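A.B. asks: Attaching a single structure in structure tokens format; questions to follow.
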Amino acid sequence: DLSLLKFISAELTRGYFLEHNEAKYTERRERVYTCMRIPKELEKLMFFGIFLCLDAFLYVFTLLPLRVFLAMFRFITLPCYGLRDRRLLQPAQVCDILKGVILVICYFMMHYVDYSMMYHLIRGQSVIKLYIIYNMLEVADRLFSSFGQDILDALYWTATEPKERKRAHIGVIPHFFMAVLYVFLHAILIMVQATTLNVAFNSHNKSLLTIMMSNNFVEIKGSVFKKFEKNNLFQMSNSDIKERFTNYVLLLIVCLRNMEQFSWNPDHLWVLFPDVCMVVASEIAVDIVKHAFITKFNDITADVYSEYRASLAFDLVSSRQKNAYTDYSDSVSRRMGFIPLPLAVLLIRVVTSSIKVQGVLAYVCVVLFYCGLISLKVLNSIVLLGKSCQYVKEAKMEEKLFNPILTATPGKAAGKQQSMFKSTQGISTDENGSTSVTNQPVHQKENTPSLLVTSNSDQFLTTPDGEEKDISQDSSELKHRSSKKDLLEIDRFTICGNRID
């Protein structure tokens with residue numbers, strides 16, 4: 001017999017057993033653990049990536065001028081050595097000279113841009129208009145970074161490719177002017193970004209700065225509710241690394257300009273310190289929340305960030321090989337979309353206009369500061385190379401480093417034959433018997449058709465098309481994997497090319 005008393009008694013005393021659905025609750029608990037691990041793993045990736053960007057950025061100020069000097073010295077003293085080589089300069093030396101000339105030309109062109117007039121022009125705008133301008137500048141910066149490295153690569157290849165006729169060298173001129181125009185326009189774009197941020201810092205009620213920082217949280221709405229795979233998340237992670245490092249440089253420029261206006265009073269630095277902390281904290285908070293929910297909604301483990309870090313480390317180690325295909329700074333530019341030339345031009349322009357060098361003692365300080373930058377660059381490179389070798393070894397990617405698989409089609413293996421390592425740890429040995437991590441297989445002859453280097457052995461990243469059919473019957477987890485591209489094949493982040501189905 002049903003009664004109200006029995007119903008209430010049943011509601012108060014009924015029980016249930018969670019162990020009957022153990023798999024479901026175990027999965028939910030693992031999701032919580034994954035979200036708790038995301039901040040640590042993400043920041044480890046960010047920390048490593050920021051130092052990679054710093055290494056490429058310091059290269060422009062330290063080693064690039066020395067390499068340009070050595071290339072010019074070789075060019076001047078070439079008659080003393082004779083024309084035994086068909087090339088007047090090596091391809092790397094030609095690229096170094098082009099980078100140096102672009103830097104010098106753009107630096108002198110930046111003198112015609114009045115920073116003070118730009119500051120007062122932006123300061124006279126309303127808060128809403130400045131908020132819209134800042135959003136437009138962020139989008140334009142991504143588009144410039146996407147297309148800019150293509151322009152520079154086109155210039156480098158046009159200047160260094162083998163040419164049968166001397167008339168073919170004329171094609172370098174339009175590419176050079178296009179590269180100069182790009183670097184100049186991108187430097188102006190970053191200057192406007194820094195000026196807008198400076199106006200936000202100097203506003204009385206800090207309303208503009210608050211609005212600009214709250215704009216970062218809009219990224220969460222535009223990202224977490226979309227479908228992401230490992231490759232898409234890798235692109236986003238690289239973009240976040242580049243964005244965070246660029247913001248650090250912009251904050252440095254803002255602090256330099258403000259300290260100059262207050263006659264380098266150290267007390268004013270403590271006035272800027274809370275605003276700088278707010279900008280940095282908002283960036284970190286947004287990245288953590290965004291990546292935590294993306295990994296949660298797409299069932300991606302936190303271990304994927306260690307794979308991303310190993311992929312970035314692979315770029316660094318492979319660029320140190322004898323027959324490397326590209327310079328490391330260009331590799332970082334393609335991978336992360338971080339192009340150091342425009343940012344370096346702007347920083348040099350701001351530093352030279354903010355700091356006046358007068359007297360012998362001032363020049364001695366400049367020389368000592370330059371020597372300190374070189375020491376920092378060398379120390380940073382040594383530490384990064386050591387950590388990168390460790391990450392590559394932990395990820396078991398030495399096989400791809402020393403024995404790349406040649407395929408004619410991306411994503412499909414041309415063969416499964418692989419040579420065994422000479423050493424048990426996967427480190428190749430040279431003829432003298434000493435271990436080396438800077439050796440690479442010799443290039444094939446020029447008449448051999450061009451082949452693309454892919455990495456078939458990196459199964460922890462993606463599964464190749466040829467092997468996916470055999471493994472898919474044994475594991476249902478492969479349904480969520482992408483067999484289109486390996487992480488090492490992904491170039492820089494582009495907002496237009498990053499389609500998420």
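The values are calculated or read from the model by the stated rules, or taken from the named source; none is laboratory data. What you are looking at is a predicted structure, and each value in this text was computed from that prediction instead of being measured. Reconstructed Cβ throughout: ideal geometry from the backbone, glycine too, with neighbour counts over all protein chains shown. These accessible areas exclude ligands, DNA and RNA; they are computed on the full protein's heavy atoms, side chains included. Shrake-Rupley method; radii C 1.70, N 1.55, O 1.52, S 1.80 Å.
A.B. asks: Test Phe228 against the stated conditions and say whether it is outside any helix (DSSP H, G or I) and surrounded by 16 or more Cβ atoms within 10 Å (Cβ to Cβ). Full working, then the answer.
C.D. replies: Details: outside any helix (DSSP H, G or I): yes; surrounded by 16 or more Cβ atoms within 10 Å (Cβ to Cβ): yes.
So Phe228 passes the test.
A.B. asks: Could you identify the single residue in Ser214, Ser223, Ser207 that is farther than 17 Å from Tyr131 by Cβ and of a type in the set (Ser, Thr, Tyr)?
C.D. replies: Numbers: Ser214 fails: farther than 17 Å from Tyr131 by Cβ; Ser207 fails: farther than 17 Å from Tyr131 by Cβ.
Exactly one of Ser214, Ser223, Ser207 is farther than 17 Å from Tyr131 by Cβ and of a type in the set (Ser, Thr, Tyr), namely Ser223.
A.B. asks: I would also like to ask the following. What are the residues in region 98-129 that are among the small types (Gly, Ala, Ser) and under 22 Å from Val345 (Cα atoms), if any? Please lay out each step first, then the result.
C.D. replies: Going residue by residue through region 98-129, those that are among the small types (Gly, Ala, Ser) are 100, 116, 124, 126.
Correct list: Gly100, Ser116.
A.B. asks: Let me ask another. Only one of Asp96, Asp55 is closer than 30 Å to Pro162 by Cβ, outside any loop (DSSP other than H, G, I, E, B) and acidic (Asp, Glu). Can you tell me which?
C.D. replies: Values: Asp55 fails: closer than 30 Å to Pro162 by Cβ.
Residue meeting the stated conditions: Asp96.
A.B. asks: Here is a further query. Among what's in region 289-330 and is open to solvent by 20 Å² or more (accessible area, probe 1.4 Å) and among the aliphatic types (A, V, I, L, M), pick the residue that is modelled with the highest pLDDT.
C.D. replies: Val289
A.B. asks: Of the residues Val304, Val249, which single one is of a type in the set (Val, Ile, Thr), within 21 Å of Tyr119 (Cβ to Cβ) and in contact (Cβ under 8 Å) with a residue 12 or more places away in the chain?
C.D. replies: The conditions single out Val249.
A.B. asks: Looking for something of a type in the set (A, V, I, L, M, F, W, C), more than 17 Å from the chain's Cα centre (by Cα) and under 15 Å from Glu219 (Cα atoms) - is there at least one such residue anywhere in region 248-257?
C.D. replies: Here is the first cut: in region 248-257, the ones of a type in the set (A, V, I, L, M, F, W, C) are 249-256.
This time we only want the ones that are more than 17 Å from the chain's Cα centre (by Cα), so: 251-256.
If we keep only those that are under 15 Å from Glu219 (Cα atoms) too, we end up with none.
Looking for residues that are of a type in the set (A, V, I, L, M, F, W, C), more than 17 Å from the chain's Cα centre (by Cα) and under 15 Å from Glu219 (Cα atoms), one finds none in region 248-257, hence no.
A.B. asks: For region 342-362, enumerate the residues that are open to solvent by 70 Å² or more (accessible area, probe 1.4 Å) and either within 34 Å of the chain's Cα centre (by Cα) or of a type in the set (S, T, N, Q) (or both). Break it down stepwise before answering.
C.D. replies: Within region 342-362, the first condition is being open to solvent by 70 Å² or more (accessible area, probe 1.4 Å), and the residues that meet it are 355-356, 358, 360-361.
Listed by number, the residues that qualify are Ile355, Lys356, Gln358.
A.B. asks: Moving on to the next point. Can you tell me which condition Leu152 does not meet? The list is (1) closer than 30 Å to Leu64 by Cβ; (2) at pLDDT 85 or above; (3) surrounded by fewer than 19 Cβ atoms within 10 Å (Cβ to Cβ), and all the others hold.
C.D. replies: (3)
A.B. asks: Pairs under 9 Å by beta carbon, first residue among the basic types (Lys, Arg) in region 368-383, partner at pLDDT below 95 and not in a helix (DSSP H, G or I), six or more apart or different chains?
C.D. replies: Listed by first residue and then by second, the contacts come to Lys377/Thr62.
A.B. asks: Given the criterion within 20 Å of Gly337 (Cβ to Cβ), out of contact with any Asp or Glu (no Cβ under 8 Å at 6 or more places or on another chain) and buried (at least 17 other Cβ atoms within 10 Å of the Cβ), identify the matching residue among Val254, Val249, Val286.
C.D. replies: Details: Val254 fails: within 20 Å of Gly337 (Cβ to Cβ); Val286 fails: out of contact with any Asp or Glu (no Cβ under 8 Å at 6 or more places or on another chain).
Every option except Val249 fails the conditions.
Let's see how each residue does on (1) of a type outside the set (A, V, I, L, M, F, W, C); (2) assigned to a helix (DSSP H, G or I); (3) touching a residue at least 24 places away in the same chain (Cβ under 8 Å); (4) within 20 Å of Met72 (Cα to Cα):
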| position | (1), (2), (3), (4) |
| --- | --- |
| Leu89 | no, no, no, yes |
| Met136 | no, yes, no, no |
| Val139 | no, yes, yes, no |
| Arg142 | yes, yes, yes, no |
| Asp153 | yes, yes, yes, no |
| His169 | yes, yes, no, yes |
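A.B. asks: A further question follows. For Ser237, all conditions in the list (1) open to solvent by 10 Å² or more (accessible area, probe 1.4 Å); (2) of a type outside the set (A, V, I, L, M, F, W, C); (3) on the phi < 0 side of the Ramachandran plot hold save one; what is the number of the exception?
C.D. replies: The one condition Ser237 does not meet is (1).
A.B. asks: Right, something else. May I ask you to say which residue of Ser237, Ser282, Ser223 is more than 25 Å from Leu54 (Cβ to Cβ) and among the small types (Gly, Ala, Ser)?
C.D. replies: From the options Ser237, Ser282, Ser223, the qualifying one is Ser223.
A.B. asks: Now for a separate question. Is there any pair with a first residue in region 9-25 that is closer than 23 Å to Asp299 by Cα and a second that is exposed (fewer than 10 other Cβ atoms within 10 Å of the Cβ) and among the acidic types (Asp, Glu) whose Cβ atoms are under 9 Å apart and which are 6 or more apart or on different chains, and what are they?
C.D. replies: Within 9 Å, the pairs are Tyr25/Glu19.
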